[in-house]
Every structure is written in C-alpha cells, then in structure tokens.
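Peer 1: Can you keep this structure in mind? I'll have questions shortly.
We did not get these values from a lab; they are worked out from the coordinates using the rules stated. What you see is a predicted model; the values in this text were computed from it and never measured. Please note: Cβ atoms are built from the backbone with ideal geometry, for glycine as well, and neighbour counts cover all protein chains shown.
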Amino acid sequence: MVDTNLLLMIPGPIQPEREVMKVMGDPVKAHYGSEWTEIYNLTIEALRKIFNTQGDVFLMVGSGSCALDSCLGSAFSTGEKVIVGVNGFFGERLKAISDCYGLNTIIVESEWGEPFKPSDFEKVIQKNQDAIGVCVVHLETSTTIINPIEEIGKIVRKQGMCYVVDAVSSLGGIPLKIDDWNIDLCASASQKCLGAPPGLAPVAVGERGWEFIDRNKSKGHGWYTNLNIWRKFSKEWADWHPFPITMATNNVLALKTSLDSVLQEGVELRMERYRQLAIRLRNGLRGLGLNLYTPDELMSPVLTASYSYPGIPASEVITYLEEKHHIKIAGGLGSLKNKIIRISHMAPTTSEEDIDRVLSALNQFKS
Ligand SMILES: Cc1ncc(COP(=O)(O)O)c(C=O)c1O
C-alpha cells in the first residue's frame with residue numbers, strides 16, 4: 001500500500017510543492033495550438049534563465065538519461081574518441097552511454113568521494129589529441145561530490161573540444177552557468193532540483209554545441225532524442241507545435257509552476273535555503289556521532305551523505321526510518337551500497353522541521 005504520509009528525502013524524485021502537483025490533476029490540454037505553444041515557450045524561457053544560457057533549450061519527454069542520450073548521440077559519431085570523467089556511479093553511467101553509441105571512450109578517473117582535478121583532464125587531453133569531446137557529471141549524486149565543471153570547461157574550450165555536462169541533479173540547486181562556463185551541451189531532469197515530478201528532461205545546446213552536431217548529420221543516431229530533429233520542429237512548427245512529439249502537457253504545466261516558484265523566490269535565495277538545510281543536517285548528524293562521508297569543504301548544498309552507524313548496514317537504518325518513521329532516505333550505490341546513507345534536501349518543500357524529523361528518527365534508531 002502507498003504510504004501517503006511518507007516524507008520523501010531521496011535525491012529524486014523529490015516531493016514537489018502542492019500547487020505543482022495540483023496542476024498534474026488538471027484537465028489535460030492539447031499539445032498544440034497557439035495557447036499551448038505560448039505556455040511551452042514560457043517554460044523554455046524560464047529554463048533558459050536557470051541554465052544561464054542564451055542558447056537553445058529543449059524539453060524532452062523522458063528522464064535525465066534521455067537528455068544525456070540526446071546530447072551524446074547528437075554530438076558524436078560512432079568511433080569518435082570522447083573523454084569521460086568517472087568518479088562515481090553516474091560517471092560510470094555516462095561511460096555506459098558513450099559505449100552504447102560506439103564511441104571510443106577514454107576515462108579520467110578519480111576516487112569515489114573525491115572531485116576531479118582539472119589537471120587530470122589536461123593530461124589525458126594531451127595524450128589524446130584526437131579526442132573530440134569531454135563529458136563530466138556536475139553533481140555526482142552517488143557520492144554528493146560537486147565536480148569543478150567551470151575549471152574543466154576552460155581546458156576543454158582551449159582545446160576546441162565539445163563539452164557535455166550532466167546537470168541532472170544540480171540544475172536549480174547549485175550554481176551552473178552554461179554560457180560562462182563554456183558548456184556546449186547540458187542535460188538535466190525535472191524530478192530533482194527543478195522541483196517537478198519525473199517525466200521531463202531539459203537539454204541545453206549552445207552555438208558551439210550545434211557546430212559539433214552539424215559536422216555530421218548522419219550519425220546513426222535515432223529520431224526521438226536526435227537534437228537535429230528537435231531543432232527542425234522548433235523552427236518549422238514554431239507557431240503551433242514547436243517539438244516533434246506529443247508533449248506531456250500536464251508535466252510541462254507542473255514544471256512551469258515549479259520554475260515560476262524558483263524564479264519568484266530567486267534562484268540564489270533558494271540555493272542559500274538548501275545550503276542552510278545542509279549545514280543544519282550535517283551538524284545534527286555529527287551530534288548523533290555519525291561520520292559524514294565528505295569533509296565540510298566538499299559539502300553539497302542539496303544532498304548529504306553519512307556513513308552508517310559502525311557495524312550496521314545502511315539498509316537497516318533506511319528500512320527503520322521508512323517503517324517506523326515514514327521517512328524515505330536513500331542508500332549508497334555501487335561500491336557504496338550498504339555503507340552510506342544519503343539524505344536529500346533538494347526539494348523546495350524541505351523544511352528545517354523535516355531535517356529535525358530525520359535527525360530525531362536517526363537518534364531513536366541509536367537508542
Ligand atoms: C547525476 C545523474 N545523472 C544521471 C541520472 C539518471 O537520471 P534518470 O534516472 O532521471 O534517467 C541521475 C539520476 O539520479 C543522476 O543523479
């Protein structure tokens with residue numbers, strides 16, 4: 001049975017605001033016509049502000065992986081060499097997507113829980129002068145580590161390569177400046193810091209992103225997530241249906257409601273609110289004798305990880321919180337499975353009281 005009182009504190013999907021979910025239940029609108037096109041375009045405009053870009057933004061119906069698929073599949077051709085950063089589960093996922101497109105994937109690795117050193121990218125690029133692109137995860141959700149996207153971007157641009165960033169869990173929650181940071185293609189998702197339900201995958205493409213896409217129109221990429229197709233429809237059907245598919249209209253309305261709320265609060269103020277929650281949570285966890293997974297200087301403002309109580313698998317803590325306290329937190333992925341717990345504060349609905357509720361529940365587990 002679904003626990004309707006469950007406090008969702010996992011790193012996506014998050015619990016959207018009430019007004020956002022109300023829109024999901026409104027009568028379904030047609031996905032074409034001038035009225036709908038205006039709503040869609042306003043949503044794209046709001047996304048542009050949050051991506052910090054003057055470039056193009058598309059809204060795919062799908063999850064974050066759909067947006068990533070779209071970026072890699074549209075920009076690169078089978079056999080081309082691409083450098084992928086791997087320091088966690090989602091870096092590995094990025095490599096898997098690259099491999100699936102038959103790209104010649106070269107890895108820059110860093111320990112899980114440690115951010116990349118930009119110089120590591122410099123070294124690998126020097127050794128692979130024929131590489132055409134670099135792909136990096138911004139917030140590595142599996143470890144809570146924020147990678148130095150801006151610094152890596154300077155190196156990538158200097159080499160004239162294509163820079164693809166996975167901002168699935170960061171967009172709207174931590175600073176990200178697509179144009180200023182030399183990002184050519186960027187993928188995100190509706191169900192995390194953007195505060196909406198799962199189902200939509202924003203993709204941003206800058207001028208140079210198009211240059212890479214336009215190099216070779218016959219990439220062997222399919223139709224649905226092919227950015228060439230999305231651009232074609234955004235132009236040819238601009239006044240009534242500026243996308244190639246049946247748009248998920250209620251999801252777009254929900255996302256728009258959520259984006260309006262972020263912009264009304266102010267993106268910086270919202271980010272600061274999340275940061276304060278992170279500090280409250282970290283102090284509280286320390287007070288309970290738990291060891292935080294990252295030192296304070298690597299603190300993520302939207303997601304916190306801590307080791308489990310000594311000798312106790314994280315799954316026991318997670319199950320206890322869900323069954324006894326109606327709080328759902330996440331565990332570790334891959335090699336961190338059963339070692340860490342992850343508590344998300346990337347939802348606009350998350351309050352200080354929610355953080356205190358988690359801390360109180362963890363305290364009762366101990367006693
Ligand atoms: C950084 C990152 N990249 C990619 C993904 C995959 O996104 P999705 O599950 O929406 O396809 C996730 C999901 O949590 C993520 O956190």
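Peer 1: I'm trying to understand the selection: among the residues of the stretch 212-239, which are exposed (fewer than 13 other Cβ atoms within 10 Å of the Cβ) and in contact with a helix residue (DSSP H, G or I) (Cβ under 6 Å, 6 or more places away or on another chain)?
Peer 2: 223, the sole residue that qualifies.
Peer 1: Right, here's the next one. Under 8 Å between Cβ atoms, which residue pairs at least 6 apart in sequence (or on different chains) link something in the stretch 138-163 that is among the small types (Gly, Ala, Ser) with a partner that is away from the ligand (no atom under 11 Å from the Cβ)?
Peer 2: Qualifying pairs under 8 Å: 142/112; 142/332; 142/334; 142/336; 153/163; 153/181; 153/182; 153/183.
Peer 1: Here's another thing I want to ask about it. May I ask you to list the residues in the stretch 280-309 that are more than 27 Å from residue 268 (Cα to Cα) and either surrounded by 14 or more Cβ atoms within 10 Å (Cβ to Cβ) or in contact with a Gly (Cβ under 9 Å, 6 or more places away or on another chain) (or both)?
Peer 2: 288, 290, 307, 308, 309
Peer 1: Okay, next question. Provide a single number: the residues in the stretch 255-289 that are in contact (Cβ under 8 Å) with a residue 40 or more places away in the chain and assigned to a loop (DSSP other than H, G, I, E, B).
Peer 2: Here the count works out to 2.
Peer 1: Would you point out which residue out of 263, 292, 281, 259 is over 30 Å from residue 32 (Cα atoms) and within 22 Å of the chain's Cα centre (by Cα)? Before the answer, list the steps.
Peer 2: On the way: 263 fails: over 30 Å from residue 32 (Cα atoms); 292 fails: within 22 Å of the chain's Cα centre (by Cα); 259 fails: over 30 Å from residue 32 (Cα atoms).
Only one candidate passes the filter, namely 281.
Peer 1: Here's a follow-up. In the list 34, 63, 74, which residue meets the criterion of being buried (at least 19 other Cβ atoms within 10 Å of the Cβ), out of contact with any Gly (no Cβ under 8 Å at 6 or more places or on another chain) and either free of Cβ contacts under 8 Å to residues at least 12 places away in the same chain or of a type in the set (Gly, Ala, Ser) (or both)?
Peer 2: 74
Peer 1: Does at least one position in the stretch 114-124 carry a residue that is in contact (Cβ under 8 Å) with a residue 40 or more places away in the chain, within 25 Å of residue 268 (Cβ to Cβ) and within 15 Å of the ligand (Cβ to nearest atom)?
Peer 2: Yes: the stretch 114-124 contains one or more residues that are in contact (Cβ under 8 Å) with a residue 40 or more places away in the chain, within 25 Å of residue 268 (Cβ to Cβ) and within 15 Å of the ligand (Cβ to nearest atom).
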